[in-house]
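Everything on this sheet refers to the single structure shown next.
Just so you know, all these numbers are worked out from the coordinates, no wet-lab data involved. This is a predicted model, so every value here is computed, not measured. A quick note on method: Cβ atoms are made from the backbone with ideal geometry, for glycine too, and the neighbour counts reach across all protein chains shown.
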Amino acid sequence: MEEVKLMKGNEAIAHAAIRAGIDGYFGYPITPQSEVLETLEAEMPWRTTGMVVLQAESEVAAINMVYGGAAAGKAVMTSSSSPGISLKQEGISYIAAAELPALIVNVMRGGPGLGTIQPSQADYFQATKGGGHGDYHLIVLSPASVQEMADFVVEGIDLSFKYRTPVMILADGVVGQMMEKVVLPPFRPRRTDEQVREQCPWAAMGKGDRKHRNIVTSLELDPAPMEVNNERLQATYKRIAENEARCKEFYTDDAEYLIVAFGSIARISLKAIEEMREMGIKVGLLRPVTLWPFPTKEIERLSKQVKGILTVELNAGQMIEDVKLAAECKIPVHHFGRMGGIVPNPGEITHAFLSAFPEAKQN
Amino acid sequence: MAKVKGAVTIDENRCKGCDLCVVACPTDTLMLQPKEVNDRGYHFAFMKNPDNCIGCASCAIVCPDGCIEVYRMTLQQA
Amino acid sequence: MTTEEIIQSGKKVYERPRLLTENITHYCPGCGHGVVHKLVAEVIDELGIEDRTVGVAPVGCAVFAYNYIDVDWIEAAHGRAPAIATAVSRLYPNDVVFTYQGDGDLAAIGTAETIHAANRGENIVIIFINNAIYGMTGGQMAPTTLLGQKTATTPYGRQADLNGFPIKISDILAQLDGTCYVTRQAVFTTAATRKTKAALKKAFQNAMAHKGTSVVEVVSNCPSGWKLSPEKANEWLNEHMLEKYPLGDIKNV
């Protein structure tokens, strides 16, 4: 029988990590995600699964520990919140460049700067458009529930190994802090060192019986092979874009208008949509589950069906750019967002929708 | 009485002509080629006075490029 | 007895270390990096740990260290080698993990990673090449640059009021409970090089025995950065560097 538990999203991340067979977690406290590290330290998984848990001296050190563990073929992760994720960008760029698997969790808070500890989605650009230096992408998963916080740890680490690329869970502070029912993933054992050696022939873990040495590096001073390295990365991103874009649709079958929203605000938007449907306004919701790759095809399809799109985000309007690109400017695309840690209620979203599309009410 | 004789081999193309082996040699065995250079343009080291060599390996130990290998023989003398 | 005869029938008393790759190093003529690379390769071979050794290369002149010693390597971001070594060592407790870092990497941009890895007593070897200058970027001031020393960014000599003081980071690391062995050596003479090899061997043996963090500082030269011939650079090292950075064990638990 499934075991249903009640816990915070951050706690679900920690429990899921242990159950997913993660080999190492390296973190640094920052609100609103500190429960991830706290829960792991309390659970002491080194006594059960052998998982390494370490509080690093900084986010910079933590992401480089992740880089080291990943370079050695292990399943490793870190978590932080916006200012800390900024510090990790150097390491993330190196991990992407060295084609290593790793899982990074960002439980977003309001910025810029030190900002606030309240929820936000203002790191969308940073997560989906690069973040660190160089031409690279992360696979970005956007959870909207505590259940997805747990599930995406397993999916995220698996995707990162499938494509040898870092994966980010881009959660907002609401999903990190709220308590919900969750069914934790089943336990699966950590890979043995022998399995790592077999499955990750590139890993720098000591030569063992291997004849040649493995070198994990992102450095290549010769421009011709460096371009080849870049082309290989881009080919990976193309495969990811073709295969991994995911979204969830609600009430889109007969929708005349569409709201696009991700994370916690998608759930509040759904409530607003249900209220508007009671008023006879046919609005649907598309919630991108992967923010990169973006569900462009689905939005393009719906853009031929609906009269207008409203993006609802906890930021000044970031995802709207990808929605506009998907809709190819054929229909109006408007944005509604709150910033600085304010989370709007369904009534505000309805009001914003009707302000953007006043004609919807008259139909 | 035993006498120790030594000899070195120098990987001429690996040598960067830094001269540190010449400085380290206690018996004035080594020298840099005054005119000749290797493929990369360095005046490489050679045994100017091979009879002096005692096979102490000082030159090889300080060589930053691992160019030098050292051999030693003990000769029995009447 | 000709040279050929000695080579044919004599005993080979020094050979190129087996674990040095065939690659010709990119280091300048006379650079101490090559000597230390040789010693590291010899020590790993003599201890029989080539199959379970992982090196972490820095950013700086030794950024390509992975091209020269035949073990697994990870190339770190500038200053982060001890964090990377921390993870590898913890995830593979039987591996022997070492970092190879210059003064800028270890004592400027990576000070936090260095001090905290050492303070946690990570079971790693930190090899620290101190040549008091940034070689790779063209001879700028390092944290260990001596007062009065001219570099590309202290063209009139390092002044305490403008640039602060040279840092003796090994002495700081020796204060930390996590370090088991901190020593300062040099490779400017045959005798000093022999001692450096013994120190490196001890450090790697400490890692094999899970004793904590070992730090081997090697006071080295930078003929190009110092604008001296290799011979003169070693003389300058002897006359100036060793006064500020005296050789010997700082801590040996």
Where Rh is the Kirkwood radius over Cα pairs, Rg/Rh for the stretch A:4-196
0.93
Can you give the convex hull volume per residue for the Cα atoms of the stretch C:190-244, as a whole number of Å³?
96 Å³
With only alpha-carbon pairs counted, each pair once and no self-pairs, how large is the Kirkwood hydrodynamic radius of the stretch A:176-279 in angstroms?
20.0 Å
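If you take all C-alpha pairs in the stretch C:1-122, what percent of them are over 17 Å apart?
That tail contains 61 percent of the Cα-Cα pairs.
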Rg over Rh [alpha-carbon atoms, Kirkwood Rh] for the stretch C:1-43
1.11
So the pair-distance distribution of the stretch A:1-78, from every Cα-Cα distance in 10 Å bins, comes to percents of 20, 51, 25, 4, 0
Highest first, please rank the peptides C:190-198, A:46-54 by the mean number of other Cβ atoms sitting within 10 Å of their residues.
C:190-198, A:46-54
Membrane-span-like helices in chain C: DSSP H runs reaching 18 Å or more (Cα, own axis), mean Kyte hydropathy at least 0.5?
C:32-47
How big is the antiparallel share of DSSP beta bridges in the protein assembly as shown, given as a percent to the nearest 5?
35 percent
In sequence order, calculated HN-Hα J values of the stretch A:165-177 (Karplus, 6.51, -1.76, 1.60; Hz; x Gly/Pro)
8, x, 10, 10, 8, 9, 9, 9, x, 5, 5, x, 9
On the formula 1/(1 + (r/R0)^6), with r taken between the Cβ atoms of C:His26 and A:Leu325 and R0 of 56 Å, the FRET efficiency rounded to 0.05 is 0.80
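Which helices of chain A meet both criteria: a Cα extent of 24 Å or more along the helical axis and a mean Kyte-Doolittle score no lower than -1.0, with helices taken as whole DSSP H segments?
For chain A, where a helix must reach 24 Å along its axis and average at least -1.0, the hits are A:146-163.
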Distance from the stretch C:69-129 to the stretch C:24-61 (C-alpha centre basis), Å
14 Å
Cα-based Rg / Dmax (Å) for the protein assembly as shown
30.3, 122
Using only the Cα atoms of chain C, what do you get for the radius of gyration and for Dmax, in Å?
17.9, 63
For peptide C:182-191, how many partner chain Cβ atoms fall within 10 Å of a residue's Cβ, on average?
3
For q values of 0.21 Å⁻¹, compute log₁₀ I(q)/I(0) with the Debye formula on a Cα-only model of the stretch C:23-66, without solvent.
-0.77
When the Kirkwood radius is taken over all Cα pairs of chain A, what Stokes-Einstein diffusion coefficient follows at 10 °C and 1.306 mPa s, in µm²/s?
75 µm²/s
Once the other residues with Cβ under 15 Å from the Cβ of C:Gly139 are scored (Lys, Arg +1; Asp, Glu -1), what is the net sum?
+2
Across A:Lys74/A:Lys162; A:Lys129/A:Lys238; A:Lys297/A:Lys330; B:Lys3/C:Lys38; A:Lys271/A:Lys304, pairs whose alpha-carbon gap is larger than 19 Å:
B:Lys3/C:Lys38; A:Lys271/A:Lys304
How many partner chain Cβ atoms sit within 10 Å of a residue's Cβ in peptide C:32-39, on average, as a whole number?
4
If you build the Cα gyration tensor of the stretch A:292-355 and take the root of 5 times each eigenvalue, what three semi-axes come out, in whole angstrom, biggest first?
22, 14, 9
Give the relative contact order (percent, whole number) for chain A; include only Cα pairs under 8 Å separated by 6+ residues.
18 percent
Send over the Kirkwood Rh of the stretch A:120-211, from the inverse of the averaged 1/r over different Cα pairs, rounded to one decimal Å.
15.7 Å
Alpha-carbon centroids, the stretch C:231-253 and the stretch A:252-301: separation in whole Å
69 Å
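Order the peptides C:127-138, B:7-18, C:28-39 from the highest to the lowest mean number of other Cβ atoms within 10 Å of their residues.
C:28-39, C:127-138, B:7-18
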How much of the DSSP bridge set in the stretch A:4-196 is antiparallel, in percent, rounded to the nearest 5?
25 percent
For the stretch B:2-76, what number results from the quotient of the Cα radius of gyration and 2.2 N^0.38 Å?
1.07
Which order do the peptides A:21-28, B:36-43, C:13-20 come out in when sorted by mean C-beta neighbours inside 10 angstrom, highest first?
A:21-28, C:13-20, B:36-43
At q = 0.15, 0.16, 0.17 Å⁻¹, work out log10 I(q)/I(0) for the stretch A:247-362 with the Debye formula, treating every Cα as an identical point scatterer and leaving solvent out; two decimals please.
-0.55, -0.63, -0.72
